[in-house]
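To keep things clear, I will list the structure first and then write my remarks on it.
Coordinate-derived values only; no laboratory data. Since the structure is predicted, the reported quantities are computational estimates derived from the model, not experimental observations. A quick note on method: Cβ atoms are made from the backbone with ideal geometry, for glycine too, and the neighbour counts reach across all protein chains shown.
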Amino acid sequence: MTEVTREPRIYITETDLSRLTKLIETARNSGNDSNKEYLDKLEEELDVAEIVKPHKVPKDVITMRSKARLRDLDTGREMVYSLVFPDEADSNKGKISILAPVGTAMIGYGTGDIIEWKVPAGLRTLKVEDVLYQPEASGDYHL
């Protein structure tokens, strides 16, 4: 049997779109070009996303400040990450910045989706196994 893969739909809440747009603008105006590649990638993700009201986002989609369990399809290793803004990032606590390669790749994807992105060593492939916490699903619309 052939498995058919669909192009996953990426969802972004209006609140996250507003905050991420401001983040991109602030970062670009800072004159620091070290994040340019990630800012460009994040802008691309936002451009193709379906924008929804916070209370309409599917409960199994990774939004800002969501916590998700991912599986590396190459190694089988599972990891749990919380997707946060750059000033909240702490890799020791599993808090991954939206401007980190995996953070930019995670936003908007849901349970069962396959995420692929380029890293210096090649292509990484992760599967979203579960969204353990999503602010909007918990009624937290203004975090």
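Annotations for the structure displayed:
- Straightening the chain between L73 and A121 buys 15.7 nm, computed as 0.36 nm per residue apart minus the Cα-Cα spacing.
- Taking each residue as 0.36 nm, the span from D130 to K22 lengthens on full extension beyond its C-alpha to C-alpha distance by 36.0 nm.
- Ellipticity estimate at 222 nm from DSSP helix runs (n ≥ 4, -39,500 (n - 2.57)) divided over the chain, nearest 500: -7500 deg cm²/dmol
- Close amide H contacts of V84 (hydrogens built in the peptide plane, cut-off under 5 Å, sequence separation of 5 or more or a different chain): R65, I96, S97, I98.
- For the peptides 91-103, 74-86, 52-64, residues were scored by their other Cβ atoms within 10 Å and the scores averaged per peptide; the highest-first order is 52-64, 91-103, 74-86.
- Taking every Cα-Cα distance in the chain and sorting them into 10 Å bins starting at zero, the pair-distance distribution P(r) comes out as 12, 43, 36, 9, 1, 0 percent.
- DSSP assigns beta bridges within the chain; of those with both partners inside it, close to 75 percent run antiparallel.
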